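Undergrad: I am attaching a structure below and will ask some questions about it afterwards.
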Amino acid sequence: MTEAPTAPALGQETPVSAIAASLPALWAADEAMTKASLMNFAVYSEQPGSLERNSRLIEEVVREHACRAILIAAQPSEEEARVRAWITAHCLVSGAGGKSVCSEQIAFAISGRLGDALRNVVFAHLESDLPLVFFWQGDFSDRWEPHLYRRIDRLVVDSTTWTNPVRQLKRMRAAWRDSGSRFVVLDVAWMRIFPFRQALAGVFDTALAKANLCRLHALSLTHAPGHRVTAALFASWIAYKAGWSLEASERVFVEEGEAPLSRLELRGEGDCRVLITLEPGARFLHATIRAGGQEVTQVSPAGRDDLATLVSERLSRGGNTPLYFKLWRQVAAWKLRFAMTAGEPAPE
Amino acid sequence: MLTAEIPDNPFRDELATRQTPEPCTLVIFGATGDLTHKLLIPALYNLALDGELPPTLKIVAFARRPKTSAEIRAEYAATNARQSRQGHNDEFWDGFRERIVYHRSEFGDPEGYASLGRLLDELDAARGGPGNRLFYLASAPDNFEEILAHLKQTGLNEGRGGGWARIIVEKPIGKDLASAQRLNNTVAAVFDERNTYRIDHYLGKETAQNIIVTRFANSIFEPLWNRNYIDHIQITCAENFGMTGGRGAYYDKAGALRDMVQNHLLQLLSLIAMEPPTDLSADSVRDEKVKALRALRKFNSVDEVAQNVVRGQYLAGSVDGQAAVGYRDEERVDPQSRTECYVAMRVYIDTWRWQGVPFYIRVGKQLPKKATEISVHFRRAPHVLFQTLPARGRSNVLVFRIQPDEGVSLRMLGKVPGLAMRMEPVKMDFRYATSFGKPSPFAYERLLLDAMAGDATLFARRDEVENAWSFIDPIERAWHESGQPPLMAEYPAGSWGPAEADELLERDGRSWRRI
Ligand SMILES: NC(=O)c1ccc[n+]([C@@H]2O[C@H](COP(=O)([O-])OP(=O)(O)OC[C@H]3O[C@@H](n4cnc5c(N)ncnc54)[C@H](OP(=O)(O)O)[C@@H]3O)[C@@H](O)[C@H]2O)c1
């Protein structure tokens, strides 16, 4: 059976052929509503229950990024081949004039071996002239194919959800090359690192840290189970930026706590040390720089690590895809084992 | 292990897509004042909260009252809690406040500057790297000269160890051309022009910056942006309040022309009228703006002023459902005042592009709404096809809403559905609030960051300010120095200004846009 959502979040069920005609009715009812859209935002998942989850995600994301949202849940293993669709709108009262600003959402449940349906439902329902941002959730499957990815402008992924990160990465890079470097990759995991990157940059604005940068050479990162990818990307970035090789003995990954990243320690000769920590539930990172008997402390924003905030933030910032792939090459060379959950090694 | 040479701070790259503000010490002269409490500290706090402020930035609060750093921090905390764009977080404030140091001194006391120099050296040493200093003149303009002279005497106008020293100057920059030149000369004797940042907070507004983007990043507007297609342009800055909060004392000496037109409105006009710059560097943009200001046609006689400029004062009336007193009955306003709180004018820019296109500017207090908008009124399509239809509302109008409800709209004509050929104006509307949910940073946040990054694009250059004054001065002289000054028009508070302002446009067969 096709996943049959009952949650009202998905709106009214509509025959696929009637979607284009039904969408305007969402607006006709209320004069105080105005439609807004800056992009097409497609979210694809093969996980059960993803439509409701992603509808809630869109509800948050549209606060900052008005869009035409297209949610697709695929269940390729289902017997019956069919496509069901629902339409709704996410509205917020905007500051000026008390008008509701609304983003349209079309949700599709595709079951069975309807391989072509994904491409078709996406392309048939795009708003013209606006870019296509595609959030591919989880591992790339057979449906990740050239007719689809060659038309994407920005690809959002969350590398922490990949069962075999290095293999997935290779697949994504191959598609990127095949598309003529057409799409920009936005990894949500990269956003999780952002507050720590910002804090680290702040640390090295100080004379104390700057003067001792060359004495530092060992890195230890503490991350929650399942977030080794995040930690590894961060380590790779630090090594790249500082010009360090970070030999195996100089990089330590500790799996502990609930925050994707909760602690960064750089160690060097003598008492030279940089420590950035995030206490459980805290809103701010605390950084300490110690060297030559001196100590400096700093506080900086910790950001939020819920998916909606991360996606929103990620969409607000540009992406440097060549650098991203370069960092991954380093991560791949380290031959780390990535566990999806604590103690459960992923197949290499 | 280390394998490559380390640049300055390798981890700073790519964190933001803008010029990175450099670590420095910000010295605020007049740190117990209104501007510092209400605008500067909240701007700095919000920048820090967004992670945009260099973490090693220190703030030296320079003022004369005996106070400790702990006391000023507590006072700032109280106002920040009321003013901050993103609210006030005690935990974050506790870290932020450590950046603030109070330095007690009279502006005229040389020892105060010597000790300031020692304090700055200590802060530089603690931070390391070059001694970058950003001075902010947040005091009354009467004090600027004294402060600058002392900065020079103590050598604080130079950065230390390869660093820079910059000065931010608040408005008003003079009250006429002569005083502006005097002030600019005083500043120039102490700081190079490239280190001088004259604040005009209108330039820090998102929509003011969007004028350049709309004009030059879209290929469809620039070909039409000239006398062949544009009939006229209107710039309105309406305020729906009067002399609240004791502002009468300052305002009655300045008036609307000096307070708003000389700086903010002429800045907006120059952005609308300028030629495309060769690049987006500060000087390229400002070179073009100043050319537009220089081409403003000056009024050469009292008569010309009377023909082209309307000044007015509000009488008692009603605003927002409240009774409002007349201007001369306002607190701290001279009951015989001859100061204008409303100005409307028609100006021309004598360039190839704008020959014959009038720019109508109006600004006033106690008008029905708070709104700053620029509207570009295009010429009507030839009458051949639709001559039987009424002409009113038939032209295309492109509107930049600077505040509030920032955005851009375009009025076009569309056919009303039905068998008859009927047209109605329809509006295509882009609203920042709708399209970009994220609120914009306040103007002062952007401008402080730009000054730390050494980007002067959004600050007024000396020649811009002085050219603006040379346009304003003849009007002030006609009003205040001639034997037969043009009349002072009147309007009830809460209305759209004096009838004389409407007549100014009606004489040209035009009318003010409805806002
Ligand atoms: N307030 C605003 O919203 C605003 C907006 C835009 C521009 N501005 C401009 O910003 C500037 C400052 O305005 P403001 O409203 O903040 O003025 P203010 O409230 O009068 O503040 C003036 C400051 O200067 C200090 N001061 C005056 N004489 C001094 C002396 N001899 N020695 C040491 N300190 C002295 C005052 O200290 P005391 O407290 O001891 O008197 C106070 O800290 C003005 O140029 C104004 O035009 C203000």
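Undergrad: Once you list every other residue whose beta carbon is under 11 Å from the beta carbon of A:Val133, what net charge do they have if Lys and Arg are +1 and Asp and Glu are -1?
TA: Value of the local net charge: +2.
Undergrad: Applying the Karplus parametrisation 6.51 cos²θ - 1.76 cosθ + 1.60 with θ = phi - 60° to the phi angles of region A:216-223, what ³J(HN,Hα) value in whole Hz is obtained for each residue in order, glycine and proline being reported as x?
TA: Using θ = phi - 60°, the values come out as 8, 7, 10, 10, 10, 10, 10, 9 Hz.
Undergrad: In whole Å, largest first, what are the principal axis extents of the Cα atoms in region B:20-170?
TA: Rounded to whole Å, the extents work out to 41, 33, 25 Å.
Undergrad: How would region A:191-301 be classified by its alpha-carbon gyration tensor: rounded, prolate or oblate, with rounded meaning a/c under 1.5 and the a/b versus b/c comparison settling the rest?
TA: Oblate, because a/c is 1.5 or more while a/b does not exceed b/c.
Undergrad: If you don't mind, another one. Which whole-Hz ³J(HN,Hα) couplings does region A:164-171 yield from phi under the Karplus relation 6.51 cos²θ - 1.76 cosθ + 1.60, θ = phi - 60°, glycine and proline marked x?
TA: My calculation for region A:164-171 gives 10, x, 5, 5, 4, 4, 4, 5 Hz in order.
Undergrad: Leaving out same-chain residues fewer than 8 places away, which aspartates and glutamates sit with a Cα under 15 Å from that of B:Lys38?
TA: Of all the aspartates and glutamates, those that pass the test against B:Lys38 - Cα under 15 Å, at least 8 places apart if same chain - are B:Glu75, B:Glu170, B:Glu445.
Undergrad: For region A:7-189, what does the alpha-carbon gyration tensor say about shape, rounded, prolate or oblate, given a ≥ b ≥ c as the root eigenvalues, a/c under 1.5 as rounded, and a/b over b/c as prolate?
TA: prolate
Undergrad: Give me a comma-separated list of calculated 3J(HN,Hα) values for region A:127-143, in order, Karplus coefficients 6.51, -1.76, 1.60 applied at θ = phi - 60°, integers in Hz, x for any Gly or Pro.
TA: Couplings: 7, 5, 6, 9, x, 9, 9, 10, 9, 8, 9, x, 6, 6, 10, 4, 7 Hz.
Undergrad: Ordering A:Arg329, B:Arg166 by how much accessible area each has at a 1.4 Å probe, largest first, what is the list?
TA: I get A:Arg329, B:Arg166, largest accessible area first.
Undergrad: If the viscosity is 1.306 mPa s and the temperature 10 °C, what translational diffusion coefficient in µm²/s does Stokes-Einstein give for the protein assembly as shown when Rh comes from Kirkwood over Cα pairs? Present the calculation step by step, with values, prior to reporting the outcome.
TA: Working: Rh = 30.5 Å.
The diffusion coefficient I find is 52 µm²/s.
Undergrad: Assign unit charges at the C-beta atoms only (+1 for Lys and Arg, -1 for Asp and Glu), then state the dipole size of the protein assembly as shown relative to its Cα centre in Debye, rounded to the nearest 20. Walk me through the numbers on the way to the answer.
TA: On the way: 104 positive and 108 negative charges, 288 e Å.
The calculation lands at about 1380 debye.
Undergrad: Can you give the average number of partner chain beta-carbon atoms within 10 Å of each beta-carbon in peptide A:205-216, as a whole number?
TA: Values: counts 14, 9, 8, 4, 4, 6, 2, 0, 7, 3, 1, 1.
The per-residue average across the peptide is 5.
Undergrad: Please determine, in degrees from 0 to 90 and to the nearest 10, the orientation of helix A:321-334 with respect to the longest principal axis defined by the Cα atoms of chain A, where the helix direction is its Cα long axis.
TA: 60 degrees
Undergrad: For the protein assembly as shown, with every protein chain kept in place, what is the accessible area per residue (1.4 Å probe, Å²)?
TA: 42 Å²
Undergrad: Which lysines have a Cα less than 19 Å from the Cα of A:Lys335, not counting those fewer than 8 places away in the same chain?
TA: A:Lys170, A:Lys326
Undergrad: Another one. Helix A:228-242: angle to the longest alpha-carbon principal axis of chain A, degrees 0 to 90, nearest 10?
TA: Once rounded, the angle reads 50 degrees.
Undergrad: Further question: Ignoring any ligand, DNA or RNA, what whole percent of the accessible area of the protein assembly as shown comes from carbon and sulfur when the probe is 1.4 angstrom? Mind showing how you got there, number by number?
TA: On the way: 18260 of 36140 Å².
Summing carbon and sulfur atoms, their accessible area is 51 percent of the total for the protein assembly as shown.
Undergrad: Is there a pair in B:Lys205/B:Lys370; A:Lys35/B:Lys427; B:Lys253/B:Lys291; A:Lys35/B:Lys415; B:Lys298/B:Lys370; A:Lys210/A:Lys241 whose C-alpha atoms are over 18 Å apart, and which pairs would that be? Numbers along the way, then the final one.
TA: Working: B:Lys205/B:Lys370 16 Å; A:Lys35/B:Lys427 14 Å; B:Lys253/B:Lys291 30 Å; A:Lys35/B:Lys415 22 Å; B:Lys298/B:Lys370 29 Å; A:Lys210/A:Lys241 14 Å.
Listed pairs above 18 Å: B:Lys253/B:Lys291; A:Lys35/B:Lys415; B:Lys298/B:Lys370.
Undergrad: Please build a GNM for chain A, connecting alpha carbons under 10 Å apart, and tell me which residue among A:Ala332, A:Ala207, A:Ala308 fluctuates the most.
TA: A:Ala207
Undergrad: List every residue whose amide H lies under 5 Å from the amide H of A:Phe284, counting only residues 5 or more places away in sequence or on a different chain, with H placed 1.01 Å from N in the peptide plane.
TA: Answer set, sorted by chain and number: A:Ala302.
Undergrad: At a Förster radius of 56 Å, what calculated FRET efficiency corresponds to the Cβ-Cβ distance of B:Glu506 and A:Ala282, to the nearest 0.05?
TA: 0.30
Undergrad: Rounded, prolate or oblate, given the Cα gyration tensor of region B:346-480, with a/c below 1.5 counting as rounded?
TA: Details: a/c = 2.41, a/b = 1.45, b/c = 1.67.
Here region B:346-480 falls in the oblate category.
Undergrad: If the reach is capped at under 15 angstrom between alpha carbons, list the aspartates and glutamates near B:Lys58, excluding any in the same chain fewer than eight residues apart.
TA: Within reach: A:Asp205, B:Glu22, B:Asp94, B:Glu98, B:Asp121, B:Glu122, B:Asp124.
Undergrad: Over region B:392-433, with a single point scatterer placed on each C-alpha, what log10 of the ratio I(q)/I(0) does the Debye formula yield at q = 0.32, 0.35 1/Å?
TA: -1.03, -1.12
Undergrad: To the nearest 20 Debye, how big is the dipole of chain B about its Cα centre, given +1 on the beta carbon of each Lys and Arg and -1 on that of each Asp and Glu?
TA: Result for chain B is approximately 1520 debye, rounded to the nearest 20.
Undergrad: Can you give me the long-range amide H partners of B:Leu134? Hydrogens built in the peptide plane at 1.01 Å from N, cutoff under 5 Å, separation of 5 or more residues or another chain.
TA: Close amide H contacts, sequence-distant or interchain: B:Thr25, B:Leu26, B:Val27, B:Arg166.
Undergrad: Total accessible area buried between chains B and A, 1.4 Å probe, in Å² to the nearest 100?
TA: Values: alone 23710 and 15830 Å², together 36140 Å².
Summing both sides, the interface buries roughly 3400 Å².
Undergrad: Near the amide H of B:Met423, under 5 Å away, which other amide H atoms are found, from residues 5 or more places off or on another chain, if H is placed in the peptide plane?
TA: Distant-sequence amide H within range of B:Met423: B:Val416.
Undergrad: Here's something else I'd like to know. Summarise the partner chain shielding of B:418-431 as one whole number: the mean count of Cβ atoms from other chains within 10 Å of each residue's Cβ.
TA: 1
Undergrad: May I ask for the angle, rounded to the nearest 10°, between helix B:144-153 and the longest principal axis of chain B, with both axes built from Cα atoms and the value confined to 0 to 90°?
TA: 30 degrees
Undergrad: I've got another one for you. Could you calculate, for chain B, the ratio of the Cα radius of gyration to the Kirkwood radius, expressed as Rg to Rh?
TA: In chain B, Rg relative to Rh is 0.99.
Undergrad: Using a 1.4 angstrom probe with every protein chain in place, what is the largest-first accessible-area order of A:Lys335, B:Lys175?
TA: Numbers: A:Lys335 165, B:Lys175 120 Å².
Greatest to least solvent exposure: A:Lys335, B:Lys175.
Undergrad: Note down the accessible area of B:Lys291, probe 1.4 Å, to the nearest 10 Å².
TA: 100 Å²
The values are calculated or read from the model by the stated rules, or taken from the named source; none is laboratory data. Keep in mind the model is a prediction, meaning the values are calculated, not measured. For neighbour counting, all protein chains shown are included, and Cβ atoms are generated from backbone atoms with ideal geometry for every residue, glycine included. Only protein heavy atoms, including side chains, enter the accessible area calculation; ligands, DNA and RNA are left aside. Shrake-Rupley method; radii C 1.70, N 1.55, O 1.52, S 1.80 Å.
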